[in-house]
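Trainee: Encoded as structure tokens, here's the structure I'll be asking about.
Derivation of every value follows stated rules applied to the coordinates shown; laboratory data play no part. Not measured: the values here are computed from a predicted model. Methodologically, a virtual Cβ is constructed for each residue, glycine included, from the backbone with ideal geometry; neighbour enumeration extends over all protein chains shown.
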Amino acid sequence: MVAAEWFRAWFSSPYYDLLYKQRNEQEASLCINTFVEFLKIPPGSRILDVACGKGRHSRALAAKGFDVTGIDLSAPSIIEAKNFETDNLHFYVHDMRLPFWINYFDYVFNFFTSFGYFRTMREHDDAIRTMAQSLKMNGMLTIDYLNVHYAEDHLVPREEKRSNGVMFNIDRWFDEKHFFKRIHVEETEKKISETFTEQVEKFSLGDFTDMLSYEGLAIEQIFGDYELNKYHVRNSPRMIMVARKIH
């Protein structure tokens, strides 16, 4: 049984950062460079990073001179992110299902499948509404999601990882509607044994098209990876959608 809001505990756990430590500053900077160049973001633009974690993408954007705001549900992540605040970089603890600043931002980013976690469709719709409402008219939203078909075809059922003396035993599976990842953590020295289970909705391109259009957003570009290669329904590891607020 997956806890209704499993992400609250898991995203605030130090083991989350340890498991995903390959998602580092260098990777974030390369990713941001690619999107800034593609979108041709004008100097001084206001940018919202939704589900920003500890703010690595936000920091990369702010370093380019943009006015950047990062929001995340995890208080520990935001507390750490706030150490990097500047005149053009700010962080807030905020649930993406609730409205944020209305008609304020020129661009909104939602990176690395930081969506699809909620229990009900209404909650997912609320999150899309938050992103849409925060944009000015003609503003751009970029959502970076897993590609369901690729993820099914390339699923690794079982994996072991060791990092800094911590053993991670990972099991992956899926059903008709969700992907699951169970992470069992063993830290022998501290006699810690914990288990977390991720659950992500199997949203297709059609699902996103419907959710976005209902909130006045039209998809203009779809990419299949972080090099912005063309999206292929079977062969692309990612499904990166760039949508414009049209009403």
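Trainee: Run through the DSSP bridge list for the chain and note the antiparallel percent, rounded to the nearest 5.
Mentor: Details: 39 of 57 bridges.
Within the chain, antiparallel bridges account for around 70 percent of the total.
Trainee: Under the definition of Cα pairs under 8 Å and six or more residues apart, what whole-number percent is the relative contact order of the chain? Before the final figure, lay out each step's value.
Mentor: On the way: 475 pairs, mean separation 41.3, N = 247.
Dividing the mean separation by the residue count of the chain yields 17 percent.
Trainee: Moving on. For the chain, place one equal point scatterer on every Cα, skip the solvent, and apply the Debye formula. What is log10 of I(q)/I(0) at q = 0.15 Å⁻¹?
Mentor: For the chain at q = 0.15 Å⁻¹, log10 I(q)/I(0) is -1.12.
Trainee: Which value in deg cm²/dmol, rounded to the nearest 500, describes the helix-derived mean residue ellipticity at 222 nm for the chain, given -39,500 (n - 2.57) per DSSP H run of n ≥ 4 and division by the residue count? Show your work: numbers first, answer last.
Mentor: Numbers: 8 runs with 70 residues, N = 247.
Computed mean residue ellipticity for the chain: -8000 deg cm²/dmol.
Trainee: Starting with the fewest neighbours, write out 50, 166 ranked by other beta-carbon atoms found within 10 Å of each beta-carbon. Kindly include the intermediate steps, with their values, before the conclusion.
Mentor: Numbers: 50 24, 166 18.
The order, fewest Cβ neighbours first, is 166, 50.
Trainee: Turning to a different aspect of this structure: Give the separation of the Cα centroids, segment 183-203 to segment 1-75, in Å.
Mentor: The distance from the Cα centre of segment 183-203 to that of segment 1-75 comes to 22 Å.
Trainee: Can you return the lysines within cross-link range of residue 202? Criterion is Cα-Cα under 23 Å, with same-chain partners fewer than 8 residues away left out.
Mentor: 177, 181, 230
Trainee: For segment 15-113, state which GluC sites (Glu not before Pro) are in a DSSP loop and have at most 10 other beta carbons lying within 10 Å of their beta carbon. Don't jump to the answer; show the numbers that get you there.
Mentor: Values: sites: 25, 27, 37, 80, 85; in loops: 85.
For GluC sites (Glu not before Pro) across segment 15-113 that sit outside H, G, I, E and B with at most 10 neighbouring Cβ atoms in 10 Å, the list is empty.
Trainee: Return the long-range amide H neighbours of residue 178 (sequence gap of 5 or more, or a different chain), with a cut-off of under 5 Å between placed amide H atoms.
Mentor: Here 202 satisfy the definition.
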